[in-house]
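The values are calculated or read from the model by the stated rules, or taken from the named source; none is laboratory data. Everything numeric in this text was worked out from a predicted model, so none of it was measured. Cβ: placed from backbone, ideal geometry, glycine included. Neighbour counts: every protein chain shown. The area values use the complete protein model at the heavy-atom level, side chains included, leaving out ligands, DNA and RNA. Shrake-Rupley method; radii C 1.70, N 1.55, O 1.52, S 1.80 Å.
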Amino acid sequence: MKKIGFISLGCPKNLVDSEVMMGRLKEAGYEITSDEAEAETLVVNTCGFIDAAKQESINAILEAARLKAEGKCQRLVVAGCLVERYRDELRAEMPEVDAFIGTNQINDIAQVCDEKVNTRSLPVIPLGNQSATYLYDESTPRVLATPGYSAYIKIAEGCDRPCAFCFIPQMRGHFRSRRFGSVVAEAQALVARGVKELILVAQDSSRYGEDLGQQDGLAHLLRELARLDGVEWVRVMYTYPTHISELFLDVLASEPKAVKYLDMPLQHASQNVLKLMKRGGNRASLERLIERVRARVPGIAVRTTFITGFPGETEEDFNELLAFVRNVKFDRVGVFTYSDEEGTPAYELPDKVEPRIAKRRRAALMKEQARISRRRNRARIGSTVRVLFEGPAKESDLLWQGRLETQAPDIDGCVLINDAPEGFSPELGDFVNLQITDAHEYDLIGQIV
């Protein structure tokens with residue numbers, strides 16, 4: 001069997017694409033290896049969202065090309081969003097790559113990994129992937145790259161939002177939902193394999209089902225999945241602020257296994273900047289939204305992201321954003337500096353903000369959030385919490401780690417376990433009770449009770 005290695009970059013939605021490609025290849029008789037040096041074929045699944053992600057993808061391709069030149073690798077395939085954005089340029093500048101496949105060509109992965117196929121003669125799908133129709137379903141093979149107790153389910157693909165800074169609609173195509181029954185069937189199969197945490201992802205999860213004529217599709221799906229035997233947590237990522245329905249909040253509040261966690265990228269709070277971003281709303285409307293969410297779902301953790309340095313952002317606009325964060329006191333915040341992406345409406349906007357100013361504003365916002373997060377975490381000291389056990393801590397083999405339901409994997413903090421009784425050896429994915437004994441800006445410290 002030919003050994004194939006995968007390098008998957010970018011978001012969890014991209015990771016699902018990698019898992020599907022690995023499933024297709026395994027079905028075709030290939031062996032998946034985690035050792036890139038042993039791989040005879042390497043697949044790099046790229047991200048093309050912002051400058052930093054693009055550079056990471058280019059570096060990964062170049063490293064894979066080095067392995068092809070110097071090691072066992074004989075075939076190199078590049079997939080994903082970067083291909084959708086720069087296919088022609090990549091083909092011209094990287095002759096060492098045997099095949100480029102876009103986000104709508106995942107089912108071609110076994111074909112392009114076949115060394116007998118002349119991949120340079122395959123048809124090239126033009127940029128502006130609006131004719132994209134690809135959706136995987138419950139019958140599609142997947143090789144999970146996540147720990148066995150946790151898995152992502154992509155419930156929709158593409159996006160129709162007009163956000164001025166974003167190229168995703170051109171890379172991923174129009175918004176399209178998977179069938180309700182398909183998602184439920186996949187969830188049932190995952191739970192039967194031992195998965196305890198289901199994480200629903202899409203470019204715009206809150207619109208799930210709209211294109212199929214379903215009203216409140218996400219709420220109905222969340223309720224159905226939260227009632228599956230064997231599941232412990234169902235988490236939703238990537239919701240949009242104008243689509244947080246009453247029924248969705250009711251499901252979060254009433255279903256014990258629907259995680260009390262709202263991931264809702266807001267991007268800014270100044271009406272001026274939001275208008276330039278083509279998102280709408282203002283600070284007052286967003287504050288009312290957060291108040292409504294917290295009133296309807298007591299104890300919910302709210303996570304968001306912001307962009308500093310968007311074209312036209314003044315110091316007054318930024319101060320309004322800073323005041324908004326101080327007032328709302330989010331549980332989790334991520335901040336990005338604006339990336340000027342060709343092909344997006346924002347690329348044509350005047351009044352660009354200097355990168356050093358954008359970075360200074362980002363640092364100020366993160367400093368403020370760190371203070372808020374530290375205070376919120378310290379308020380938990382002395383409480384007893386239920387934690388999903390994840391094994392040895394990433395930062396130290398001397399500690400264990402786990403996650404609260406309000407902590408999503410890889411993007412939020414964790415709970416470090418520093419005082420376990422003799423013989424403590426739960427299985428990965430077990431749930432344990434901890435007493436919180438200390439708190440840092442993003443992580444908590446606990447001991448087994």
Between residues in region 98-114 that are of a type in the set (Ser, Thr, Tyr) and residues that are part of a loop (DSSP other than H, G, I, E, B) and open to solvent by 20 Å² or more (accessible area, probe 1.4 Å), which pairs lie under 9 Å by C-beta distance while being six or more apart or on different chains? THR103/TYR134
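Yes/no matrix, rows are residues, columns are (1) within 17 Å of the chain's Cα centre (by Cα); (2) closer than 21 Å to VAL143 by Cα:
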position: ALA185; (1), (2): no, yes
position: ARG193; (1), (2): no, yes
position: LEU200; (1), (2): yes, yes
position: LEU228; (1), (2): no, no
position: THR242; (1), (2): no, no
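For region 16-29, check the following and say yes or no: at least one residue is open to solvent by 30 Å² or more (accessible area, probe 1.4 Å) and of a type in the set (Lys, Arg).
From region 16-29, those open to solvent by 30 Å² or more (accessible area, probe 1.4 Å) are 24, 26-29; that's our starting set.
Next, only the ones that are of a type in the set (Lys, Arg) stay: 24, 26.
Within region 16-29, one or more residues are open to solvent by 30 Å² or more (accessible area, probe 1.4 Å) and of a type in the set (Lys, Arg).
Residues that are assigned to a helix (DSSP H, G or I), more than 19 Å from ASP412 (Cα to Cα) and either of a type in the set (A, V, I, L, M) or open to solvent by 10 Å² or more (accessible area, probe 1.4 Å) (or both): does region 368-384 have at least one?
We begin by selecting, within region 368-384, every residue assigned to a helix (DSSP H, G or I); these are 368-378.
Among the residues that remain, those that are also more than 19 Å from ASP412 (Cα to Cα) are: none.
No, region 368-384 has no match at all.
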For region 339-362, state whether one or more residues are in contact with a helix residue (DSSP H, G or I) (Cβ under 8 Å, 6 or more places away or on another chain) and among the hydroxyl-bearing types (Ser, Thr, Tyr). yes
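Restricting attention to helices (runs of 4 or more DSSP H) lying wholly within region 149-267, give those where 1 or more residues are open to solvent by 40 Å² or more (accessible area, probe 1.4 Å) and at pLDDT 95 or above. Step through it out loud before you land on a result.
Values: elements: 168-172, 180-192, 217-226, 246-254.
Where helices (runs of 4 or more DSSP H) fall fully within region 149-267 and carry at least 1 residues being open to solvent by 40 Å² or more (accessible area, probe 1.4 Å) and at pLDDT 95 or above, they are 180-192, 217-226, 246-254.
Among the residues that make up region 1-11, is at least one of them of a type in the set (A, V, I, L, M) and in a helix (DSSP H, G or I)? Step through it out loud before you land on a result.
Filtering region 1-11 for residues of a type in the set (A, V, I, L, M) gives 1, 4, 7, 9.
With in a helix (DSSP H, G or I) added as a condition, the list becomes none.
Looking for residues that are of a type in the set (A, V, I, L, M) and in a helix (DSSP H, G or I), one finds none in region 1-11, hence no.
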Residue hits (region 1-11; open to solvent by less than 30 Å² (accessible area, probe 1.4 Å) and over 17 Å from GLN105 (Cβ atoms)) are GLY5, ILE7, LEU9
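Tell me the residue from ARG292, ARG296, ARG378, ARG371 that is modelled with pLDDT of 95 or more, closer than 30 Å to PRO426 by Cβ and among the basic types (Lys, Arg), please.
Numbers: ARG292 fails: closer than 30 Å to PRO426 by Cβ; ARG296 fails: closer than 30 Å to PRO426 by Cβ; ARG371 fails: closer than 30 Å to PRO426 by Cβ.
When all the criteria are applied, what remains is ARG378.
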Can you tell me how many residues within region 242-280 are free of Cβ contacts under 8 Å to residues at least 12 places away in the same chain and of a type in the set (D, E, K, R)? 1
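Of everything in region 406-449 that's β-branched (Val, Ile, Thr) and touching a residue at least 40 places away in the same chain (Cβ under 8 Å), which residue is most open to solvent (accessible area, probe 1.4 Å)?
Within region 406-449, the first condition is being β-branched (Val, Ile, Thr), and the residues that meet it are 406, 411, 415, 417, 432, 436-437, 445, 448-449.
Of the ones still in play, those that are also touching a residue at least 40 places away in the same chain (Cβ under 8 Å) are 406, 411, 432, 436-437, 449.
Values: THR406: 13, ILE411: 79, VAL432: 18, ILE436: 2, THR437: 58, VAL449: 97 Å².
Among them, the one singled out is VAL449.
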Could you tell me whether any residue of region 30-47 is part of a loop (DSSP other than H, G, I, E, B), open to solvent by 60 Å² or more (accessible area, probe 1.4 Å) and over 17 Å from LYS2 (Cα atoms)? no
For region 69-88, enumerate the residues that are open to solvent by 20 Å² or more (accessible area, probe 1.4 Å) and over 29 Å from the mean Cα position of the chain (by Cα). ALA69, GLU70, GLY71, LYS72, GLN74
I need a count of the residues in region 301-312 that are open to solvent by less than 10 Å² (accessible area, probe 1.4 Å) and either of a type outside the set (Phe, Trp, Tyr) or under 17 Å from MET264 (Cα atoms) (or both). 7
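Conditions (1) farther than 26 Å from TYR86 by Cα; (2) touching a Phe, Trp or Tyr at 6+ places or on another chain (Cβ under 7 Å); (3) in contact (Cβ under 8 Å) with a residue 60 or more places away in the chain; (4) surrounded by 19 or more Cβ atoms within 10 Å (Cβ to Cβ), marked per residue:
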residue: ALA323; (1), (2), (3), (4): yes, no, no, no
residue: PHE330; (1), (2), (3), (4): yes, no, no, yes
residue: GLY334; (1), (2), (3), (4): yes, no, yes, no
residue: THR337; (1), (2), (3), (4): no, no, no, yes
residue: GLU348; (1), (2), (3), (4): no, no, no, no
Check on ARG403, more than 24 Å from the chain's Cα centre (by Cα) and without any contact (Cβ under 8 Å) to a residue 40 or more places away in the chain: no
GLY48 fails exactly one of (1) in contact with a Cys (Cβ under 6 Å, 6 or more places away or on another chain); (2) more than 27 Å from ARG172 (Cα to Cα), namely (2)
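Rundown of residues vs (1) part of a loop (DSSP other than H, G, I, E, B); (2) open to solvent by 30 Å² or more (accessible area, probe 1.4 Å); (3) modelled with pLDDT of 90 or more, yes/no style:
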| position | (1), (2), (3) |
| --- | --- |
| PHE100 | no, no, yes |
| GLU115 | yes, yes, no |
| ARG120 | no, yes, no |
| PRO126 | yes, yes, no |
| GLN130 | yes, yes, no |
| LEU135 | yes, yes, yes |
| SER139 | yes, yes, yes |
| LEU144 | yes, yes, yes |
| PRO147 | yes, yes, yes |
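Scan region 48-60 residue by residue and report those that are open to solvent by less than 10 Å² (accessible area, probe 1.4 Å) and modelled with pLDDT of 95 or more. So that I can check it myself, show each step before the final result.
Of all residues in region 48-60, those open to solvent by less than 10 Å² (accessible area, probe 1.4 Å) come to 48, 57.
Correct list: SER57 only.
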